[in-house]
Amino acid sequence: MAPIPTSTAGPVDDHRIPVQDAVMAAAAGERSVVEGDGLFALKNSTSVVTGGARGIGLTLAAALVEAGSHVVCLDLLDEPSSEPDWLMFKARAKELGLTARYVQADITDALQINTVVSEIADEAASLGRPLNTMLHAAGVQKPGTVFDCDPAHFDWVMRVNVTGTFIVTQAAARAMRKHKSGGSIILIASMSGYISNRGLYCTAYNSSKAAVHQLCRSTAVELAEHNVRVNTISPGYVNTKMVEQLLQKEPALLGQWTNDNPMHRIGEPSEFKGAAVFLASGASSFMTGADLRMDGGHCAW
């Protein structure tokens, strides 16, 4: 077995603090070395968030702003659908001396996405705040049984959730390689990539999220040499607009979902903010090709 090195051969990356330094700093009460500015901060960086017009995408965009990143939100809508939430988000960014803006974009349009992301990355680099995070939260869901699902519907779900995810990942990877900035690509997957949902028939969606897990692993291996990490977050049932619309049609599902996990409730978008900042920051610098499943214990049963 090769000996474990006790020191580095060259300068230590800002996000990789030697154990001895971290321990001494903690003992001395110097929180900034191991917590604030050093570990979870995203200062002097830019993040792009897809699906950022509303819901969990906008919530996670707010988390990145709170950690110190400038943020550009992309979505298919002409403008953010929840104006009060968007105005609060922009106000919070301004209060922190950061920028937050919105760009309409279709994640299934490879030319548009590559152009938009490249332009954002070029501008960010010129301003000394490189594109370091791509958080991909855009996606679609429409339940349907195997008997009734139109193949065109299946193709649409796969086109958005799988091909769209690849297009976004590719655009981010190209921009990060061009500017040699490294970075973190965070893909929102789902616990449904592991399981079949009881009482909810959605083969297309479940298949698409399983594909996102594999896309993450495959791209993580390829991009590691460029200092680009790729990871997924797999939420369980979360109180989003998409879920709200589904429950309006099938209200009995809420009771079933809350009984399907040991915490006996569904999640809130804000409960995923910490995971997003963790994966975007140096706190997860040795993590790639992995999944954070946050489902209230659903898959533990």
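FYI, it's all coordinate maths here, none of it is from the lab. All values reported here derive from a predicted model rather than from experimental measurement. Here Cβ is always computed from backbone atoms with ideal geometry, including for glycine, and neighbour counts include all displayed protein chains.
Panel order for Met287, Met134, by other beta carbons found within 10 Å of each beta carbon, from fewest to most: Met287, Met134. Kindly state, to the nearest 0.05, the FRET efficiency for Glu79 paired with Asp155, given R0 = 35 Å and r defined as their beta-carbon distance. Rounded to the nearest 0.05, the efficiency is 0.80. Where the centroid of each part is defined by its Cα atoms, how far is the stretch 46-69 from the stretch 75-100 in Å? Comparing the Cα centres of the stretch 46-69 and the stretch 75-100, I get a distance of 9 Å.
I need the per residue convex hull volume for the stretch 195-250, using only the alpha carbons, in cubic angstrom as a whole number.
Output value, Cα hull per residue: 91 Å³.
Estimated purely from DSSP H runs of n ≥ 4, each contributing -39500 (n - 2.57), the mean residue ellipticity at 222 nm for the chain is -12500 deg cm²/dmol once divided by its residues.
Per residue, how big is the convex hull around the C-alpha atoms of the stretch 44-146? Give it to me in cubic angstrom, could you? Walk me through the numbers before you get to the answer.
Numbers: hull volume 10.6 nm³, N = 103.
Normalising the Cα hull of the stretch 44-146 by residue number yields 103 Å³.
Among Leu247, Leu74, a tally of other beta-carbon atoms within 10 Å of each Cβ gives an order, fewest to most, of Leu247, Leu74.
Reported value for the stretch 96-202: 129 Å³ per residue, from the convex hull of its C-alpha atoms. Size descriptors for the chain (Cα atoms only): Rg and Dmax, in that order, 19.8, 65 Å. Taken about its Cα centre, the chain carries a charge dipole of about 280 debye when Lys and Arg each add +1 at the Cβ and Asp and Glu each add -1 at the Cβ. Taking the centroid of alpha carbons for each part, the stretch 144-168 and the stretch 223-301 are 21 Å apart. Cross-link reach is defined here as a Cα-Cα straight distance under 18 Å, omitting same-chain residues fewer than 8 places apart; for Lys142 the lysines meeting it are Lys209, Lys241, Lys249. Straight-distance candidates among the lysines for linking to Lys43, with alpha-carbon spacing under 30 Å and chain neighbours fewer than 8 residues away dropped: Lys90, Lys94, Lys178, Lys180, Lys273.
Relative to the first principal axis of the alpha-carbon coordinates of the chain, what is the inclination of helix 164-178, with its axis defined by its Cα atoms, in degrees from 0 to 90 and to the nearest 10? So the helix axis and the longest Cα principal axis differ by about 10 degrees. As a proxy for reagent exposure, Ser47, Ser82, Ser284 were ordered by neighbouring Cβ count within 10 angstrom, fewest first; the result is Ser82, Ser284, Ser47.
Projecting the Cα atoms of Ser208, Gly182, Gly164 onto the charge dipole of the stretch 157-260, computed from C-beta unit charges around the Cα centre, puts Gly182 farthest toward the positive end.
Axis of helix 83-95 versus longest Cα principal axis of the chain: the two differ by about 0°, to the nearest ten degrees.
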